[in-house]
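Contents: one structure, followed by commentary.
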Amino acid sequence: MTTINSETEQKILRAAMQIFSIEGFKGARMQEIADKAGINKALLHYYYRNKETLYKASFDTLTFKIFTQVNLTLHKDTPLFTKIENIVAAYIDLIVETPEVPQFILNGIINNQDELIKNMQELPLDIKPFMQQIQNEILKGNIKPIHPAELLINILSLSIFPFAARPVITNVVGKNIEFNFDEFIKSRKKTIPEFIINAIKVEK
């Protein structure tokens, strides 16, 4: 009788995350994932009965830590500008640890949107307090009028896009000037909050 082995399961999840990130849900094949994990297909199906179950497990593994940490940051009782700095730092640090996330999400949007949305809805993420904090700062005259969703999307897109576009950025920019992507990403933990805060703050 086959028994659950945590090391084998981790190999499967690592392989699945890589394959789903590259191929997307529709393009990924269970045999390809089994080969990547170094196991046979029968054993893969023992751990995950179908591709949908494995996709969900891969999504949870990739995103749970990121969104849990961001959720904690959103709910902390800190000033808005400090919170923006902390959100950017959290996203960048966590995506550096799990670089498959942006491509995994993009492939999900393109190839498996319904499943991706269903999984996203189960994430431990509550943005209402952050949205309310933005509105409060607008009413106090501390920041310029901006839709809370627009501010949040600006933070997310500026933080995540360079990871998703890394091959393009590295090839286009790197061909013209000296460019180190890792150093560039580190600097963005400072430059992104500065850019956003300078765009929305009201000078008094």
Restricting attention to the stretch 3-39, report how many residues are exposed (fewer than 14 other Cβ atoms within 10 Å of the Cβ) and either in contact with a helix residue (DSSP H, G or I) (Cβ under 6 Å, 6 or more places away or on another chain) or of a type in the set (Ser, Thr, Tyr) (or both).
4
What helices (runs of 4 or more DSSP H) lie completely within the stretch 4-61 and have 1 or more residues being at pLDDT below 90 and hydrophobic (A, V, I, L, M, F, W, C)?
6-27
Under 20 Å from residue 70 (Cα atoms), modelled with pLDDT under 95 and of a type in the set (A, V, I, L, M, F, W, C): is that true of residue 160 in this structure?
yes
Candidate set from the stretch 52-88 (those that are charged (D, E, K, R) and surrounded by fewer than 17 Cβ atoms within 10 Å (Cβ to Cβ)); member that is nearest to the chain's Cα centre (by Cα):
65
Before we move on, is residue 196 surrounded by 14 or more Cβ atoms within 10 Å (Cβ to Cβ), of a type in the set (Val, Ile, Thr), touching a residue at least 12 places away in the same chain (Cβ under 8 Å) and closer than 13 Å to residue 88 by Cβ?
yes
For the stretch 130-138, indicate whether the set of residues that are modelled with pLDDT under 90 and of a type outside the set (Gly, Ala, Ser) is non-empty.
no
Would you check which residues across the stretch 106-139 are over 20 Å from residue 154 (Cα atoms), surrounded by fewer than 15 Cβ atoms within 10 Å (Cβ to Cβ) and not aliphatic (A, V, I, L, M) and list them?
113, 114, 118, 121, 122, 124
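The values are calculated or read from the model by the stated rules, or taken from the named source; none is laboratory data. The structure presented is a predicted model; accordingly, all values stated were derived computationally and were not measured. Every residue, glycine as well, gets a Cβ built from its backbone with ideal geometry; the counts of neighbours run over all protein chains shown.
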